[in-house]
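The values are calculated or read from the model by the stated rules, or taken from the named source; none is laboratory data. Keep in mind that this is a model prediction, so the values were computed, not measured. Positions of Cβ are generated from backbone atoms using ideal geometry, with glycine treated the same way; all protein chains shown enter the neighbour counts.
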């Protein structure tokens, strides 16, 4: 075999192999240092979504420094007007880094811009009597390990400028718009755009929208479009959406959150003009007949449909569902105005609606006709139980047990103390198929949550199938209750992953000790333990917890958690 035949496809093969490391930044960095070929493959992947990197306020180095090497002379001078100097003597790097950008989140761009400005060599204002330590940040203090407490280590999302600038607001706005200008001028073509606006972010969106509409190549390959507005956007949203629809036809995933009492305007443009839409997600949107009717334009492509806190009062029927024979994932979470009769047309139509992933929240007793139609096909189910009176809760259990027979993945969220025998009956009903199980108690730590958690742990263990592979307990955990639960779970032989999120304030080390013992006895491959509440590193419980973890290797809770399929990525 000749050398050309043996190695001719090596670059293509290497590319596909390294693509598997797309979310493993450390490995990608290592690949970039091997040789020229792997460097050329890895570097673009590393720079597809740099804004997703955690904001590190104490770190003066920033990837924005690299981006701003691509500024033109005029923009460098404009930065100087705000008291910011971009070193003109540094040459552009060998790679065209701005061109590699594929995902842009406007809020994360703002966060990193503020962080970049705050780490410039500009004097910090002196303390005052009223505020002796005006920029004291508790996140900079010693905190518990991220293995046990992820929320304490979440990013500081403040957009406050801490340095002396001539006009801090305009400086930040210009920094953000300059970034987008750099991307567009270097022929970037993004796949995902996330635009957010609230009372403290999104002040530059109007300029961004104008630039995007003037440069159609920038969004010509756009696949995922997300809008999240906590106040009326600072630009003509309806005009932008209509114009965007005429500039691209590649959108596959569309999500909009409009947390405002009243919204006027049509959202149909993006649906009627796109030919590849596979997922739609609406949050806090009033749904009308016109919007539902537009869904018919994507009956051959839509696989995921999600509604959260939406108002259906102006929709007498949801008969449009009968047309979506390719729909795989469906969600109705705390939606108003929907009653059982809205789904009656589904039963009258013989067409098969084979939804595999279903998420229901709120008054799920109102979905009996929906469950009757799709229940036999559902394999992944997420439900909130506990809303309404006892009669409604009983009806919800009855509907699930009657119509859902082949559940493999079950996530149950509780809002109050439910009768464990009904849950045992449900689990026994799907015992043959159930592989993945998750329990979550809602609304924090109170007597009801503690009672619900205790009831689950002391009464449910024996009902679990022996073939269970994944178990997630997000509860207010008393260690003795957990010990009782594990003692009744010794018949489970296939458990590979165990996740425990503890919402209790006390005995966090004792709880971990019990988990550790069970993991060793059951030979569980991966486990995670997370503390939901704040813990001081000097507390005896936490100090003991650090010692207990020395001879085991727990994972991060967020790395092991499973979500209902269909709703864990784009929606």
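Take residues that are more than 25 Å from residue 406 (Cα to Cα) and in contact with a helix residue (DSSP H, G or I) (Cβ under 9 Å, 6 or more places away or on another chain) and tell me which of the strands (runs of 3 or more DSSP E) falling wholly in region 434-548 contain 1 or more.
Numbers: elements: 436-441, 470-475, 497-502, 526-531.
Strands (runs of 3 or more DSSP E) meeting the threshold: 470-475, 497-502, 526-531.
Across region 52-64, what is the number of residues that are under 16 Å from residue 100 (Cβ atoms) and either modelled with pLDDT of 90 or more or surrounded by 18 or more Cβ atoms within 10 Å (Cβ to Cβ) (or both)? Steps first, answer last, please.
Residues of region 52-64 that are under 16 Å from residue 100 (Cβ atoms), as a first pass: 52-53, 63-64.
This time we only want the ones that are either modelled with pLDDT of 90 or more or surrounded by 18 or more Cβ atoms within 10 Å (Cβ to Cβ) (or both), so: 64.
Total meeting the criteria: 1.
Take the residues in region 517-549 that are touching a strand residue (DSSP E or B) at 6+ places or on another chain (Cβ under 7 Å) and crowded, with 18+ Cβ neighbours inside 10 Å, then tell me which one is modelled with the lowest pLDDT.
Here the residue is 532.
Could you check how many residues of region 449-476 are at pLDDT below 90 and surrounded by fewer than 17 Cβ atoms within 10 Å (Cβ to Cβ)?
1
Given the criterion in contact with a helix residue (DSSP H, G or I) (Cβ under 8 Å, 6 or more places away or on another chain) and under 30 Å from residue 450 (Cα atoms), identify the matching residue among 407, 420.
Just one listed residue meets the conditions, 420.
Between a first residue in region 88-107 that is in contact (Cβ under 8 Å) with a residue 40 or more places away in the chain and a second residue that is in a loop (DSSP other than H, G, I, E, B) and loosely packed, with under 15 Cβ neighbours inside 10 Å, which pairs have beta carbons less than 7 Å apart while being 6 or more apart in sequence or on different chains?
Once the first residue is in contact (Cβ under 8 Å) with a residue 40 or more places away in the chain and sits in region 88-107, its partners that are in a loop (DSSP other than H, G, I, E, B) and loosely packed, with under 15 Cβ neighbours inside 10 Å give 99/187.
When you look at residue 212, is it more than 27 Å from residue 567 (Cβ to Cβ), in a helix (DSSP H, G or I), touching a residue at least 40 places away in the same chain (Cβ under 8 Å) and touching a helix residue (DSSP H, G or I) at 6+ places or on another chain (Cβ under 8 Å), yes or no? Reasoning before the result, please.
On the way: more than 27 Å from residue 567 (Cβ to Cβ): yes; in a helix (DSSP H, G or I): yes; touching a residue at least 40 places away in the same chain (Cβ under 8 Å): no; touching a helix residue (DSSP H, G or I) at 6+ places or on another chain (Cβ under 8 Å): yes.
No.
Table: residues versus (1) modelled with pLDDT of 75 or more; (2) over 30 Å from residue 253 (Cβ atoms); (3) not in a helix (DSSP H, G or I).
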position: 77; (1), (2), (3): yes, yes, no
position: 86; (1), (2), (3): yes, yes, yes
position: 92; (1), (2), (3): yes, yes, yes
position: 114; (1), (2), (3): yes, no, no
position: 125; (1), (2), (3): no, yes, yes
position: 132; (1), (2), (3): no, yes, yes
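Write out, first by first residue and then by second, each pair whose Cβ atoms fall under 9 Å of each other, whose residues are 6+ apart or on separate chains, and whose first residue, in region 422-443, is at positive phi and surrounded by fewer than 16 Cβ atoms within 10 Å (Cβ to Cβ) while the second is assigned to a helix (DSSP H, G or I) and at pLDDT below 90.
These pairs meet every condition: 443/449.
In region 17-51, what count of residues is obtained for those that are surrounded by 18 or more Cβ atoms within 10 Å (Cβ to Cβ), over 21 Å from the mean Cα position of the chain (by Cα) and in a loop (DSSP other than H, G, I, E, B)?
Residues meeting the conditions: 0.
Could you say whether any residue in region 501-514 is surrounded by fewer than 14 Cβ atoms within 10 Å (Cβ to Cβ), farther than 25 Å from residue 425 by Cα and at pLDDT below 95?
Looking for residues that are surrounded by fewer than 14 Cβ atoms within 10 Å (Cβ to Cβ), farther than 25 Å from residue 425 by Cα and at pLDDT below 95, one finds at least one in region 501-514, hence yes.
Please determine whether any residue of region 294-302 is surrounded by 21 or more Cβ atoms within 10 Å (Cβ to Cβ) and modelled with pLDDT under 90.
The answer is no; no qualifying residue exists.
Looking at region 477-488 only, could you name the residues that are farther than 24 Å from residue 148 by Cα and buried (at least 18 other Cβ atoms within 10 Å of the Cβ)?
Residues satisfying the conditions do not exist here.
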